Each structure stands twice: as C-alpha cells, then as structure tokens.
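The structure under discussion appears below in the form of structure tokens.
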Amino acid sequence: MATPVLEDTKERQVPAVEIIDLKKSFGNNHVLKGFNLTIQPHENVAVLGKSGSGKSVLIKCIVGLIRPDAGEIRVFGQDVVNLDRQELDEVRSRIGFLFQSNALYDSLTVRENLEFPMRRLRLKKTKAQVDQMVHEALSSVGLPNVQDLMPSSLSGGMKKRIGLARTLIMEPRIILYDEPTTGLDPITSKEIANLMNDVHQKYNTSSIVISHDMSCIKRTAHRIVVLNEGIDYLQGNYEELEKSKDEIVRSFFL
C-alpha cells in the first residue's frame, strides 16, 4: 500500500472539510442549529461537546448517513449534500470512519473484515494485491499476524486497531474518529492516541476526532471546536481552552 500524497492540486487548494450553517432536527429536538467548521488538509480537529450535543450526528451528516435539514458540507470542495448515490459512494471511499463500537463483523475473520469495504465498492484487485493491502494495513497498526483470527478473540485495544486498519486499507484522505478510546484502559488509550498520530503522519490525513477523552484530544488535536447548543461555540488549541474562564469550556477540563 503506497503512502498517499496530495497529488490533486484541488486538494491542496481547498479545505479538506467545510461545513457551513449546518442544521439538523429530529422532531422538536433541534440538534444542530447553524454549526460551522473548516478543516484544512493535514489538520486534526477535535469536536468537544456533552453527551447528546450532536457530535455523532455531525459526522454522520459528513458521510451522508444522515441528511441535514439545511446548510452545506463540502469535502475537498465537493458538496456532498446534493450528490446522488454513486457520487456519494465515491466521496465515501476517500473518508475513513472509525466507529465507536468498531463495527467489526463477528462472523468474519480479521482478513475478511478488512476485505469487506473493497468488496462493497467492487474494487478490481488481484488476490496478490489484496494480500499485500491486508498485510500492510495490519502492519500499520502493529498487528501483522492476526489476519486469521476472529474478532471475539481480540482485546478491546486490538479491535480498535483492526477497525483502523479496515479504514486505512482504502487509503482515505480524511478519517473520522468517533470516540476512539471509549472503554479502553489508560495505557491502551494512550497507545491508540499515539497510533492516530502515526497514521496522520504516514498517510497525510485530515481528521475529525469526536471524544470525551481529554488526554486523547491533547495528544492528537491541532485545534478543538466546542459544540454547544447546536453551534460552534468556541475554538482554540488545547492550551488556550484549558486556560479559558468560560464556564462551559472549563467544565471539560475539571
């Protein structure tokens, strides 16, 4: 698996993700009320908010799993809200999504889990090419020899790594991390955060990190955006927000 580079001139000139006045409601529950966010190529941004504030809704809107009520979402300049199914799948192939639950298929081996997105997108690869891609993706997350294991035999930290390997096998330009360290002990959480940084450097990705783990955010995020009452309430780097006197921001650092 060759390390991807920003060869597309357009990708170098436009934001990786641009969200403009995004709104989403579920009945009378107004979750996003005009959220704005711009992420530059090769930037890691953490979105911080209380449970139920709309963080997961936000990233599901980005990949088209939820359709917003209003606003714009652009991925490398392309408006994803108004794409047809085929066009949306093409954009999704460039976005990696690490689910909070890992979303591994229990009935499939590690190898089969990694092959699944390639089969879904009907990528034309020889067996030798697939073997090489699986090996390199697993090696990238430090698990080169687990391809024949079942998910039930893996620890929580190993499942996170396999979930990330399945994302990397598609060589994404953007990775969305949904609570990447939830349920992990502090040592394993630190290892996953360090792995996220390694992936960022090796694959030149842009990332959105949804997390309550301030240690993970401190290690991985170039910038933090606080999602509060459905809007981008405040933003800055970790050190700036840690010193903030705003009560809402301070509550995350207590």
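Below are the figures for this structure:
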read-out: Nonlocal amide H pairs with G96, under 5 Å, H built at 1.01 Å; value: R173, I174, I175, L176
read-out: Amide hydrogen neighbours beyond the local backbone of L48, cut-off 5 Å, H modeled; value: V225, V226, L227
read-out: Pairs from K159/K243; K55/K159; K24/K50; K33/K60; K33/K202 whose Cα-Cα separation, in the structure shown, is over 27 Å; value: K159/K243; K33/K202
read-out: Whole-Å distance, taken between Cα centres, linking the range 116-187 and the range 21-80; value: 25 Å
read-out: Rel. contact order, % - alpha carbon contacts under 8 angstrom, at least six apart, the range 94-171; value: 50 percent
read-out: Exposure proxy ranking, count of Cβ atoms within 10 Å, fewest first, for L154, L164, L254, L22; value: L254, L154, L164, L22
read-out: Degrees separating the helix 110-120 axis from the principal Cα axis of the chain, which is the longest one; value: 70 degrees
read-out: Residue order, fewest to most beta carbons within 10 Å, for Y177, Y105, Y203, Y233; value: Y105, Y233, Y203, Y177
read-out: On Cα atoms only, tilt of 127-140 relative to the major axis of the chain in degrees; value: 50 degrees
read-out: GNM flexibility winner over the chain from L149, L98, L37 (Cα, springs under 10 Å); value: L149
read-out: Karplus 3J(HN,Hα) series, Hz, for the range 40-45 with 6.51 cos²θ - 1.76 cosθ + 1.60 (x for Gly, Pro); value: 7, x, 6, 10, 9, 10
read-out: Amide proton proximity set for Q40, modelled H, under 5 Å, gap of 5+; value: A16
read-out: Principal-axis tilt of helix 156-168 within the chain, Cα atoms, nearest 10 degrees; value: 80 degrees
read-out: For the range 15-113: span of alpha carbons on each principal axis (Å, largest first); value: 42, 30, 28
read-out: Per-q log10 I(q)/I(0), the range 102-171, q = 0.14, 0.17, 0.22 Å⁻¹ (Debye; single scatterer per alpha-carbon; no solvent); value: -0.35, -0.52, -0.88
read-out: Using θ = phi - 60° and Karplus 6.51 cos²θ - 1.76 cosθ + 1.60, couplings along the range 92-101 (whole Hz; Gly, Pro as x); value: 4, 5, 9, 10, x, 10, 8, 6, 4, 8
read-out: Cα centre as origin, Lys/Arg/Asp/Glu Cβ charges: the chain dipole, Debye; value: 340 debye
read-out: 3J(HN,Hα) from dihedral phi, the range 197-207, Karplus parametrisation 6.51/-1.76/1.60, rounded to Hz, x for glycine, proline; value: 5, 4, 4, 4, 6, 6, 9, 6, 8, 9, 9
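Values in this text are rule-based calculations from the coordinates and carry no lab data. Everything quoted here is computed from the prediction, not taken from an experiment. Glycine gets a Cβ as well: all are built from the backbone with ideal geometry, and neighbour counts include every protein chain shown.
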